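Right, one structure below, let's go through it.
The values are calculated or read from the model by the stated rules, or taken from the named source; none is laboratory data. Worth saying up front: this structure is predicted, and the values here are computed from it rather than measured. Ideal geometry is used to build each Cβ from the backbone, glycine not excepted, and the neighbour counts take in all protein chains shown.
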Amino acid sequence: MCTYNGARFLEEQLTSLVAQSRRPDEVVVCDDGSTDASVALLRTFAAEAPFSVLVHENQDRLGSTKNFERAIGLCTGELIYLCDQDDIWDSEKIGLTENRFIANPNVSLVFTNAEVVDDNAKSLGYTLWERLRIDKELQTRLRTGRALEVLLERPIVTGATMAFPSRFRDLVIPIPGDISLIHDGWIALMLSLVGPFNLIDRPLLKYRQHQAQQLGVPNITRPASILANANRRNDFEPEIRKLEAVCERLQSHEHRYESQHAEILRDRLNHLHQRMAISKSKLSGVRLAINELVSGRYHRYSNGLYSLVKDLIK
């Protein structure tokens, strides 16, 4: 768990951890310099909880992503559950998630649905998966070895809903600070490379929305129109930096983790470099564009002829 000035809701979350039918073996909390009563609440909780509680106070502000990195590094259990300070967990969350790992030891990540609620924990009438458009078709792709493909399209795994085996910890941390992903997006992407995902289509926490939170439910709208996409400038650099970080991390751990996706990642990265070159040099880019089209990469990793034409005219 990571905390920062979360005293208003923190006690409800801590109470929900004690109420778990399968209680945690330990709770690791990293506080990022709170100036409210958060640390006092945590110290009281640590003294009274029926399980081990480690409260770590950062000397300098790290921000949410690096704070989660530190908390993950301090965990000692076999499964690591990420926990936000302002949610409320269903009493079955830990147990049901653990059972999925027991049933299939090869699973690299389990994540659940969540009920979205307001400040007072009253339902807002929709679930997290509904807002993120995680429909049956997308769930099938995630369950059948296509999680990487999905996550390269958009990050959809929310940290508060996820758990993963600690044996993958050195694969996911440290979390790069110069890419277009925060902690949960990076963790899910890396874990999609080394094992299947398992999903629990049941709201196992109340995911609270309030003005003080750093991140809330993403407002994922329907895909933009063809005209809107056509008018949007190509910006390949953020995606290239992200894939380069992924490839570098995977390569540095190839002695421990076998991944069938390494070649696909390198091929996709090469395609992005080629598209950037095409966009910057239209005259010489025609030849590059034809090569990418003939290779099939425009259809595998982009939107086919539409992306090719956009690269040549933008």
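Against the definition (in a helix (DSSP H, G or I), small (Gly, Ala, Ser) and exposed (fewer than 14 other Cβ atoms within 10 Å of the Cβ)), how does Ser307 come out, yes or no?
Details: in a helix (DSSP H, G or I): yes; small (Gly, Ala, Ser): yes; exposed (fewer than 14 other Cβ atoms within 10 Å of the Cβ): no.
No, not satisfied.
Where residues in the range 219-274 are within 24 Å of the chain's Cα centre (by Cα) and at pLDDT below 60, which of them is farthest from Leu312 (Cα to Cα)?
Asn219
Considering only residues that are buried (at least 17 other Cβ atoms within 10 Å of the Cβ) and assigned to a loop (DSSP other than H, G, I, E, B), which ones fall in the range 63-78? Lay out the reasoning, then the answer.
Step one: filter the range 63-78 for residues buried (at least 17 other Cβ atoms within 10 Å of the Cβ), giving 64-72, 75.
Within the range 63-78, just Cys75 meets the criteria.
Filtering the range 1-53 down to residues that are part of a strand (DSSP E or B) and under 23 Å from the mean Cα position of the chain (by Cα), which residue is nearest to Thr158 (Cα to Cα)? Don't jump to the end; show me each part of the working.
From the range 1-53, those part of a strand (DSSP E or B) are 2-3, 26-31, 52-53; that's our starting set.
Checking which are under 23 Å from the mean Cα position of the chain (by Cα) leaves us with 2-3, 26-31.
Numbers: Cys2: 14, Thr3: 17, Glu26: 22, Val27: 19, Val28: 19, Val29: 18, Cys30: 19, Asp31: 20 Å.
Out of the qualifying residues, it is Cys2.
Six or more apart or on different chains, Cβ under 6 Å: which pairs go from a residue in the range 152-180 that's in contact (Cβ under 8 Å) with a residue 24 or more places away in the chain to one that's of a type in the set (Lys, Arg)? Could you list them?
Ile179/Arg241; Ile179/Lys242; Ser180/Lys242
Among the listed residues Asp60, Asp36, Asp25, Asp32, identify the single one that is farther than 17 Å from Ser166 by Cβ and loosely packed, with under 14 Cβ neighbours inside 10 Å. Before the answer, list the steps.
Working: Asp36 fails: loosely packed, with under 14 Cβ neighbours inside 10 Å; Asp25 fails: farther than 17 Å from Ser166 by Cβ; Asp32 fails: loosely packed, with under 14 Cβ neighbours inside 10 Å.
Asp60 is the lone residue from the list that is farther than 17 Å from Ser166 by Cβ and loosely packed, with under 14 Cβ neighbours inside 10 Å.
Scan the range 255-269 and report the pairs whose first residue is in a loop (DSSP other than H, G, I, E, B) and whose second residue is buried (at least 18 other Cβ atoms within 10 Å of the Cβ) and among the hydroxyl-bearing types (Ser, Thr, Tyr), with Cβ atoms within less than 8 Å and a gap of 6+ or a chain change.
Taking only residues 6 or more apart or on different chains, the pairs are His261/Ser192.
Does Arg131 satisfy the criteria of being out of contact with any helix residue (DSSP H, G or I) (no Cβ under 6 Å at 6 or more places or on another chain), modelled with pLDDT under 95, surrounded by fewer than 19 Cβ atoms within 10 Å (Cβ to Cβ) and not aromatic (Phe, Trp, Tyr)? Can you show your working first?
On the way: out of contact with any helix residue (DSSP H, G or I) (no Cβ under 6 Å at 6 or more places or on another chain): yes; modelled with pLDDT under 95: no; surrounded by fewer than 19 Cβ atoms within 10 Å (Cβ to Cβ): yes; not aromatic (Phe, Trp, Tyr): yes.
When the stated conditions are applied, Arg131 does not pass them.
Being among the hydroxyl-bearing types (Ser, Thr, Tyr) and in a helix (DSSP H, G or I) is the filter; apply it to the range 270-300 and report the residue that is nearest to Ser108 (Cα to Cα).
Taking the range 270-300 and keeping what is among the hydroxyl-bearing types (Ser, Thr, Tyr), we get 279, 281, 284, 295, 298.
Cutting the leftovers down to in a helix (DSSP H, G or I) gives us 279, 284, 295, 298.
Working: Ser279: 37, Ser284: 43, Ser295: 32, Tyr298: 30 Å.
So, considering only residues that are among the hydroxyl-bearing types (Ser, Thr, Tyr) and in a helix (DSSP H, G or I), the one nearest to Ser108 (Cα to Cα) is Tyr298.
Considering the range 149-171 alone, what residues qualify as being assigned to a helix (DSSP H, G or I) and surrounded by fewer than 21 Cβ atoms within 10 Å (Cβ to Cβ)? So that I can check it myself, show each step before the final result.
First, the residues of the range 149-171 that are assigned to a helix (DSSP H, G or I): 149-153, 159-161, 166-171.
Across the range 149-171, the qualifying residues are Glu149, Val150, Leu152, Glu153, Ser166, Arg167, Arg169, Asp170, Leu171.
Could you tell me whether any residue of the range 57-71 is in contact with a Pro (Cβ under 7 Å, 6 or more places away or on another chain) and at negative phi? Steps first, answer last, please.
Step one: filter the range 57-71 for residues in contact with a Pro (Cβ under 7 Å, 6 or more places away or on another chain), giving 69.
Cutting the leftovers down to at negative phi gives us 69.
Yes, the range 57-71 contains at least one residue that is in contact with a Pro (Cβ under 7 Å, 6 or more places away or on another chain) and at negative phi.
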